[in-house]
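The values are calculated or read from the model by the stated rules, or taken from the named source; none is laboratory data. Please read all numbers here as calculations on a predicted model, not as lab measurements. Cβ placement follows ideal geometry from the backbone for every residue including glycine, while neighbour counts extend to all protein chains displayed. Quick note on the areas: whole protein, heavy atoms, side chains included, nothing else; ligands and nucleic acids left out. Shrake-Rupley method; radii C 1.70, N 1.55, O 1.52, S 1.80 Å.
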Amino acid sequence: MSSLPILPAAINRPKDGTHPGSANKTKTLTMDTNVQPGTSGIEHPDLWQQTDEYYTRYPNRWSTIREVVREPAAEALGTMFIVLFGCGVNCQAGLSSHPAVAASPQGDPASVALVWGASVALGVWVAGGISGGHINPAVTLVMAAFRGFPWKKVPGYIFGQLIGALVGALVVYGNYARAIDLVEGGTGVRSVPGTASLFAAYSLDYVSPANCFFDEFIGTFALVFVIFAVTDKYNGSPPPGLVPLAIFVVVLGIAAAFGMQTSFAINPARDLGPRIMTAMVGYGREVFNYRSQFWLWCQVLGPVSGALVAAFIYDALIYTGPESIFNRPNHAARAHQAEARVGAAV
């Protein structure tokens, strides 16, 4: 006879996808090593099956750690891809228009809109099957408020999105730092908005504060409304693998129609991560002081407000799923359901 160690967490919670906990003690089951092939020698077959599932899911220590960080990491990587390609095309198109950098421009508004749309679609593809592919704090907040996404996960998701955006911007800056020196006229010379606008979102001078806010509000409204539509199983939604294509189309439309005045951030992490990066590499506090904290009242509050209003209108007028606050049963419905359950039990 031989002994097989069984973790208590494997017995109690083998399938819930959570970390098995800190229990260090083990129980032992005995297994007959002289059984015939194809038969079970385990005295407790249910425990054996659960243990086998546990070790399949967690074959080593790293797999248990990964289970904890996997979703925020997916959000970080997905958001990093947004900024990597989005800010990358900003730099290529913007810097190449200077004669000291390139003989002819290597981009235009059409290429910028296309690549930003593609970058968001790629980000959703990277993270979608793991974390849901929010890759946007405004989306995470409305999913928690209107779709039952756990509020306890919201801080981790937003932190991951912010870190991913910062890392993506840092990679792009490292790639184009020499070209930025040439455009700015010297090593270490940096201007705001100037080349800072290649990374974070800034507005044109003529645009009023109210107009800036509304520009980000309407762009994010359109984004979230389409996200809710294409993920609504009661509304002819596409297969999950095709959702990023729908996101590509809506971001392309937003960039082409609303991209001029405030640089269509429509994502607080996409703006704040690169903005922090620019402050770190020499652009200074002016990136935050610009237009009396433009980053906060326009690029954070504008997208969040637009997302909440879009979700509110979609759920109030269209959505019929049980997750929404608009479709929760009232007192009479709950009483009827309880009576029906009692009757079924009898």
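Observations on the structure shown:
- Given (1) in a loop (DSSP other than H, G, I, E, B); (2) surrounded by fewer than 18 Cβ atoms within 10 Å (Cβ to Cβ); (3) under 19 Å from the mean Cα position of the chain (by Cα), index of the condition residue 99 fails: (3)
- Test for residue 323: is it in contact with a Gly (Cβ under 8 Å, 6 or more places away or on another chain) and either surrounded by fewer than 21 Cβ atoms within 10 Å (Cβ to Cβ) or outside any loop (DSSP other than H, G, I, E, B) (or both): yes
- Failed item in (1) part of a helix (DSSP H, G or I); (2) more than 18 Å from residue 173 (Cβ to Cβ); (3) of a type in the set (Gly, Ala, Ser); (4) in contact (Cβ under 8 Å) with a residue 40 or more places away in the chain, with residue 133 passing the rest: (1)
- Of all residues making up the stretch 148-204, the number that are in a loop (DSSP other than H, G, I, E, B) and closer than 21 Å to residue 219 by Cβ: 7
- Taking every residue in the stretch 136-160 that is under 19 Å from residue 322 (Cα atoms) and pairing it with any residue that is in a loop (DSSP other than H, G, I, E, B) and of a type in the set (D, E, K, R), at least 6 positions away or on another chain, the pairs with Cβ-Cβ distances below 7 Å are 147/323; 148/323.
- Unmet requirement for residue 240, which otherwise passes all of (1) modelled with pLDDT of 95 or more; (2) under 24 Å from residue 114 (Cβ atoms): (1)
- Complete set of residues in the stretch 178-196 that are in contact with a helix residue (DSSP H, G or I) (Cβ under 8 Å, 6 or more places away or on another chain) and open to solvent by less than 30 Å² (accessible area, probe 1.4 Å): 179, 180, 195, 196
- Looking only at residues of the stretch 326-346 that are open to solvent by less than 80 Å² (accessible area, probe 1.4 Å) and at pLDDT 85 or above, we find that the one that is farthest from residue 229 (Cα to Cα) is 332.
- Qualifying residues in the stretch 197-248 (those that are hydroxyl-bearing (Ser, Thr, Tyr) and crowded, with 20+ Cβ neighbours inside 10 Å) - the one nearest to residue 279 (Cα to Cα): 202
- Any hit, the stretch 155-171, residues being among the hydroxyl-bearing types (Ser, Thr, Tyr), touching a helix residue (DSSP H, G or I) at 6+ places or on another chain (Cβ under 7 Å), within 26 Å of residue 312 (Cα to Cα) and modelled with pLDDT of 95 or more: yes
- Residue 191 out of contact with any Cys (no Cβ under 9 Å at 6 or more places or on another chain), of a type in the set (S, T, N, Q) and farther than 30 Å from residue 320 by Cβ: yes
- The requirement of being modelled with pLDDT under 85, open to solvent by 30 Å² or more (accessible area, probe 1.4 Å) and either basic (Lys, Arg) or in a helix (DSSP H, G or I) (or both) is fulfilled nowhere in the stretch 57-76; no residue meets it.
- Elements of type helices (runs of 4 or more DSSP H) contained in the stretch 249-311, each with 3 or more residues being open to solvent by 20 Å² or more (accessible area, probe 1.4 Å) and over 22 Å from residue 123 (Cα atoms): 286-289, 294-297
- For residue 138, the criteria (1) out of contact with any Pro (no Cβ under 6 Å at 6 or more places or on another chain); (2) crowded, with 23+ Cβ neighbours inside 10 Å; (3) outside any loop (DSSP other than H, G, I, E, B) hold in every case but one, which is (1).
- Taking residues in the stretch 291-316 that are within 19 Å of residue 210 (Cβ to Cβ), and partners anywhere that are in a loop (DSSP other than H, G, I, E, B) and aliphatic (A, V, I, L, M), the pairs with Cβ atoms closer than 6 Å and at least 6 places apart or on different chains are 299/201; 299/265; 303/266.
- Breaking point among (1) touching a residue at least 40 places away in the same chain (Cβ under 8 Å); (2) under 25 Å from residue 159 (Cα atoms), for residue 233: (2)
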